[in-house]
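See below for the structure under consideration.
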Amino acid sequence: MNLSTVLLKPGEADRIISGHPWVYSSSILRLTAPVEDGHVVQVKDHRQRLLGVGFYNSRSKIAVRLLDRDRVEINSDFFRRRFTAAIEHRRRYLPNATSYRLINAESDLLSGLIVDKYGDVLVLQTSSLGMDQRKPLIVDILRELLNPVAILERNDMAGRKFEGLPECNSVLYGEAPTETAIQLNGLEFTADLAEGHKTGMYLDQQVNYAAVAEFAKGAVVLDCFSFLGGFALHAARAGARHVHGIDQSEAAVAAATRLAIRNGIADRVQFETANVFDWLKSKTSTGPNERLVPVYDVIILDPPSFTRNRASVEDALRGYKEIHLRALKLIKPGGILATFCCSHHVDRQLFEEVILSAAYDTQKLLRRVASYTQSPDHPVIPAIPETEYLKGYAYEVLRTA
Ligand code: SAH
């Protein structure tokens, strides 16, 4: 195996030795021989110690995405080994699930590759040039190990441009289903794999749907940013007295309503198309002599990421504070606020600070009764901070002013 070598500047190896697979172009001292974009290189520190092998791309700020510490060949055996380990991880930590993220890029030691499993259908995303070039090989190994009925490519992410890749969606194997029926915790969902969010729907809350639903028995529940009703439908099945879901997307509300019928719980759950900010504002505005009467036992807040970069964190925090302030006013004493933040740039501590500042302003005392993270099919490797993004808490509202 004759590989070109990427030599790093002094001081640039530590992060990589600790397990982070990205080599930034600014860390590179020089290349020992010219290399084509998408090809495999070996990376060494300035003292010529081997750090690993990975895909090279001169057009990306992440010039090398390391795949292995040893000088292994990146061939079908390599993918078979990595995919088998990923499947094993899901069997171990989500033994009853039939739909989940099968491969989660860096957290499965496969930077640049995501594969989601929706029942018998696989949906893949390649966000690095090296992975993108190897799609045929990846499809072959996935077919060999999982025997899916179809494999789709959902490569319509804007981030591909940073690798010089175009946006494209296609069917890589089999026939594309228009809608795929899947089970999450025994409830039926339908995912629009060609058009829906991300690769069709959000799989990262699978474990939390069931956990939050444990608070729902006999409760009046509000699910804000409900999308297909993940939290709402689980709460209704768990015995909620009534569940109200709100999402600004008409299509999502229509789909969630169909799912409530399909799961036989339409008598207990209802979805409304509205902007959550406006809706909460209208429910919490009082006239001069009016007093607000809280009506909910459980409120769930699972908004989209309000920030895509560090620069907009301030604005995002204002948004998070606003919805918490208003939600807290609507929760009965002894009720539960279950709240999530999927922005990588707002960490667990900062998120709780925002919640507490909303509690202070509304004169509520919160008792934390649960902490949540992303489901185990989206594993977190602490040495790679980018693998952790979803955090959530449940609080009991102890005191109301
Ligand atoms: N809880 C959902 C995921 C929510 S994703 C689940 O578990 O599947 C975020 C959702 O918020 C999207 O469906 C989007 O349509 C909706 N959304 C974004 N901004 C909104 C707003 N201001 N008001 C209401 N819904 C909004």
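The values are calculated or read from the model by the stated rules, or taken from the named source; none is laboratory data. Just so it is clear, the structure is predicted and the values come from calculations on it, not from any experiment. Note that we place each Cβ from the backbone using ideal geometry, even for glycine, and neighbour counts take in every protein chain shown. SASA here: full protein model, heavy atoms, side chains in, ligands and nucleic acids out. Shrake-Rupley method; radii C 1.70, N 1.55, O 1.52, S 1.80 Å.
Couple of notes before you dig in:
- Across the stretch 258-282, the qualifying residues are those that are in a helix (DSSP H, G or I) and more than 9 Å from the ligand (Cβ to nearest atom), and the one among them that is farthest from L222 (Cα to Cα) is R262.
- Listed by position, the strands (runs of 3 or more DSSP E) enclosed by the stretch 301-401 that each have at least 1 residues that are more than 25 Å from D278 (Cα to Cα), within 16 Å of the ligand (Cβ to nearest atom) and open to solvent by 10 Å² or more (accessible area, probe 1.4 Å) are 365-373.
- One residue stands out among those in the stretch 83-118 that are over 22 Å from R134 (Cα atoms) and in contact with a Phe, Trp or Tyr (Cβ under 8 Å, 6 or more places away or on another chain): the one that is surrounded by the fewest Cβ atoms within 10 Å (Cβ to Cβ), which is L94.
- Note on the stretch 190-216: residues that are at pLDDT 95 or above and within 15 Å of the ligand (Cβ to nearest atom) total 11.
- Given (1) of a type in the set (A, V, I, L, M, F, W, C); (2) open to solvent by less than 20 Å² (accessible area, probe 1.4 Å); (3) in contact with a strand residue (DSSP E or B) (Cβ under 6 Å, 6 or more places away or on another chain), index of the condition V149 fails: (2)
- Taken together, A219, A255 contain a single residue that is within 12 Å of the ligand (Cβ to nearest atom) and either assigned by TED's automatic domain parsing to the domain that holds C342 or open to solvent by 10 Å² or more (accessible area, probe 1.4 Å) (or both), which is A255.
- Some residue of the stretch 143-156 being of a type in the set (S, T, N, Q) and more than 16 Å from the ligand (Cβ to nearest atom): yes
- When the strands (runs of 3 or more DSSP E) confined to the stretch 146-245 are screened for residues that are touching a residue at least 60 places away in the same chain (Cβ under 8 Å), those reaching at least 2 such residues are found at 180-184, 187-191, 220-224.
A quick yes/no check of all residues on (1) over 18 Å from the mean Cα position of the chain (by Cα); (2) touching a residue at least 40 places away in the same chain (Cβ under 8 Å):
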{"position": "C341", "(1), (2)": "no, yes"}
{"position": "D347", "(1), (2)": "no, yes"}
{"position": "V354", "(1), (2)": "yes, no"}
{"position": "S357", "(1), (2)": "yes, no"}
{"position": "R367", "(1), (2)": "yes, no"}
{"position": "T373", "(1), (2)": "no, no"}
{"position": "P379", "(1), (2)": "no, yes"}
{"position": "P382", "(1), (2)": "no, no"}
{"position": "E388", "(1), (2)": "no, yes"}
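- Hits in the stretch 283-300 (condition: away from the ligand (no atom under 16 Å from the Cβ) and either closer than 15 Å to G230 by Cα or of a type in the set (D, E, K, R) (or both)): E290, R291, D297
- Filtered residue count, the stretch 99-133, keeping only those that are part of a loop (DSSP other than H, G, I, E, B) and out of contact with any helix residue (DSSP H, G or I) (no Cβ under 7 Å at 6 or more places or on another chain): 2
- Residue satisfying condition, being farther than 30 Å from N147 by Cα and either assigned by TED's automatic domain parsing to the domain that holds N96 or more than 24 Å from the chain's Cα centre (by Cα) (or both), within set Q270, Q248: Q270
Quick grid of which residues meet (1) touching a Lys or Arg at 6+ places or on another chain (Cβ under 7 Å); (2) surrounded by fewer than 22 Cβ atoms within 10 Å (Cβ to Cβ); (3) of a type in the set (A, V, I, L, M):
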{"site": "D14", "(1), (2), (3)": "no, yes, no"}
{"site": "S18", "(1), (2), (3)": "no, yes, no"}
{"site": "L31", "(1), (2), (3)": "no, yes, yes"}
{"site": "V35", "(1), (2), (3)": "no, yes, yes"}
{"site": "F55", "(1), (2), (3)": "yes, no, no"}
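- A33 among the aliphatic types (A, V, I, L, M) and out of contact with any strand residue (DSSP E or B) (no Cβ under 6 Å at 6 or more places or on another chain): no
- Long-range neighbours under 7 Å by Cβ, at least six apart or interchain, first residue farther than 16 Å from S375 by Cβ within the stretch 76-92, second open to solvent by less than 60 Å² (accessible area, probe 1.4 Å) and of a type outside the set (A, V, I, L, M): R82/D108
- In the stretch 161-182, of all residues being away from the ligand (no atom under 15 Å from the Cβ) and closer than 15 Å to G119 by Cα, the one that is modelled with the lowest pLDDT corresponds to T178.
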